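Student: If you scroll down you'll find the structure; I have some questions about it.
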Amino acid sequence: MSQNQASPKAIPQYDDSHYAVVDLGSNSFHLLITQLVTTPTGKSVKVVNKVKQKVRLAAGLDNNNLLTDEAMTRGLDCLKNFSLYLNSIPVDNILIVATAALRIAKNNQLFFDAAGQILPKKIKLLSGEQEAKTIYAGVSHTCHTNNEQSPAKQLVLDIGGASTEIIVGLGCTAKKVVSLDIGCVSLIGKYFADDLLKKESFNQCIDAAADIINTVKEEFIQLGWQSAVGSSGTMQAMTEILNQRQQAPIITLEFLYEIQQILISCKTIDNIEIAGLRADRKAVLASGLSILIALFQCLSIEKLCLSSGALREGLLFELVPDAKII
């Protein structure tokens, strides 16, 4: 996975068997390049390249929800890098979407106009509901336990940089979706702005997230579900810590409280040291964890597993609906 600027020489050349999805998230921008492979058993798409860059777009929203020039420049620089990869892929095989930070930004048209000069295709701005439905499609098409003969209701959670999606679905159909304006980048600036990991800050952040989740909680609890999965960086970070401990990759509230205590004992964000935790996950871990704790508490979740698919896989399914994602 490349975190760096790419030089044109290092860019592989693609052809019309390749498909690209670009996800302009509120924390990171992602580029996923896949290749369509046809075999006697059918079509499948395999990942051939992934490029990710932490842009922290949501951190660049000021008090009036205007994106700062610095944040726009960070985003556009990343797109210049991405465009080098997209040059050789047919335009019809590309899907570029933007999510919460660009939904919220009142001056998003400035960004879209500048991006239009760089990218081969227009950016599609997803509504919160479209984002949630696409995430669910990505989860259901990569989830091999949920077979269509006897599908079970599934709760899907996704904590992004500036929004959190909650979905209950059955099989491949999302039954109820909601996108809430709470995210790990937006809340870190509000409750952990001093970089200190204090119990009071966690309590305030958890309470603020819970106040928003509680506005939709009853409808979801009435629907019910048999299993819960998560599909974002916070859940991935938790799973990586469990893997490091050689424990089953099942997230529980008890485990989340334990991680919260460890973070409080670390005292500052810079000082975070947890075996199995990647360095690039530290910056927004406290807020992401707070939102996840609030979700567990409000929705009475007992255990949560990591999904292998989310928004990007859902977009891929949109581009190549008759292919299996491998």
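Student: I'm trying to understand the selection: among the residues of the stretch 69-94, which are surrounded by 14 or more Cβ atoms within 10 Å (Cβ to Cβ) and closer than 26 Å to Ile182 by Cβ?
Tutor: Ala71, Met72, Arg74, Gly75, Cys78
Student: I've got another one for you. If I go through the stretch 273-326 residue by residue, how many of them are surrounded by fewer than 23 Cβ atoms within 10 Å (Cβ to Cβ), within 19 Å of Gly25 (Cβ to Cβ) and among the hydroxyl-bearing types (Ser, Thr, Tyr)?
Tutor: 1
Student: Quickly run through the stretch 297-326 and pick out the residues that are over 17 Å from the mean Cα position of the chain (by Cα) and either outside any helix (DSSP H, G or I) or of a type in the set (S, T, N, Q) (or both).
Tutor: If the condition is that a residue be over 17 Å from the mean Cα position of the chain (by Cα) and either outside any helix (DSSP H, G or I) or of a type in the set (S, T, N, Q) (or both), then Gln297, Ser300, Ile301, Glu302, Lys303, Val320, Pro321, Asp322, Ala323, Lys324, Ile325, Ile326 are the ones that fit.
Student: With farther than 30 Å from Leu84 by Cβ, among the aliphatic types (A, V, I, L, M) and not assigned by TED's automatic domain parsing to the domain that holds Ala286 as the only criterion, which of Ala137, Ala132 stands out?
Tutor: After ruling out the rest, the residue left standing is Ala132.
Student: Looking at Ala193, Ala237, Ala209, can you tell me which residue is farther than 26 Å from His141 by Cβ, hydrophobic (A, V, I, L, M, F, W, C), in the same structural domain as Ile262 (by TED's automatic domain parsing) and at pLDDT 95 or above?
Tutor: Only one candidate qualifies: Ala209.
Student: Right, here's the next one. From the list Ile167, Ile182, pick out the single residue that is of a type outside the set (Phe, Trp, Tyr), surrounded by 15 or more Cβ atoms within 10 Å (Cβ to Cβ), assigned to a strand (DSSP E or B) and at pLDDT 95 or above.
Tutor: From the options Ile167, Ile182, the qualifying one is Ile167.
Student: While we're on this one: Among the residues of the stretch 113-146, which ones are of a type in the set (Gly, Ala, Ser) and either touching a His at 6+ places or on another chain (Cβ under 6 Å) or outside any loop (DSSP other than H, G, I, E, B) (or both)?
Tutor: Scanning the stretch 113-146 gives Ala114, Ala115, Gly116, Gly128, Ala132, Ala137, Gly138, Ser140.
Student: Looking only at the stretch 253-282, which residues are farther than 17 Å from Leu242 by Cα and modelled with pLDDT under 95?
Tutor: Asp280
Student: Okay, next question. Could you tell me which residue of the stretch 235-282 is nearest to Val156 (Cα to Cα), considering only residues that are of a type in the set (Ser, Thr, Tyr) and in contact (Cβ under 8 Å) with a residue 60 or more places away in the chain? Spell out the reasoning first.
Tutor: Taking the stretch 235-282 as the starting set, the residues that turn out to be of a type in the set (Ser, Thr, Tyr) are 239, 252, 257, 265, 268.
Keeping just the survivors that are in contact (Cβ under 8 Å) with a residue 60 or more places away in the chain gives 239, 268.
Numbers: Thr239: 16, Thr268: 31 Å.
That would be Thr239.
Student: Does Asn65 fit the bill of being of a type outside the set (Ser, Thr, Tyr), part of a loop (DSSP other than H, G, I, E, B) and not assigned by TED's automatic domain parsing to the domain that holds Ala193?
Tutor: Numbers: of a type outside the set (Ser, Thr, Tyr): yes; part of a loop (DSSP other than H, G, I, E, B): yes; not assigned by TED's automatic domain parsing to the domain that holds Ala193: yes.
When the stated conditions are applied, Asn65 passes them.
Student: Something else now. Run down Ala286, Ala294 and say which single residue is within 22 Å of Gly183 (Cα to Cα) and under 17 Å from the mean Cα position of the chain (by Cα).
Tutor: On the way: Ala294 fails: under 17 Å from the mean Cα position of the chain (by Cα).
The unique qualifying residue is Ala286.
Student: Can I ask one more? Of all the residues that make up the stretch 118-143, how many are closer than 17 Å to Leu24 by Cβ and of a type in the set (Asp, Glu)?
Tutor: Counting residues in the stretch 118-143 that are closer than 17 Å to Leu24 by Cβ and of a type in the set (Asp, Glu) gives 1.
Student: Somewhere in the stretch 15-29, is a residue charged (D, E, K, R), buried (at least 21 other Cβ atoms within 10 Å of the Cβ) and either touching a helix residue (DSSP H, G or I) at 6+ places or on another chain (Cβ under 6 Å) or in contact (Cβ under 8 Å) with a residue 40 or more places away in the chain (or both)?
Tutor: Yes, the stretch 15-29 contains a residue that is charged (D, E, K, R), buried (at least 21 other Cβ atoms within 10 Å of the Cβ) and either touching a helix residue (DSSP H, G or I) at 6+ places or on another chain (Cβ under 6 Å) or in contact (Cβ under 8 Å) with a residue 40 or more places away in the chain (or both).
The values are calculated or read from the model by the stated rules, or taken from the named source; none is laboratory data. These numbers were taken from a predicted model, which means no experiment stands behind them. Here Cβ is always computed from backbone atoms with ideal geometry, including for glycine, and neighbour counts include all displayed protein chains.
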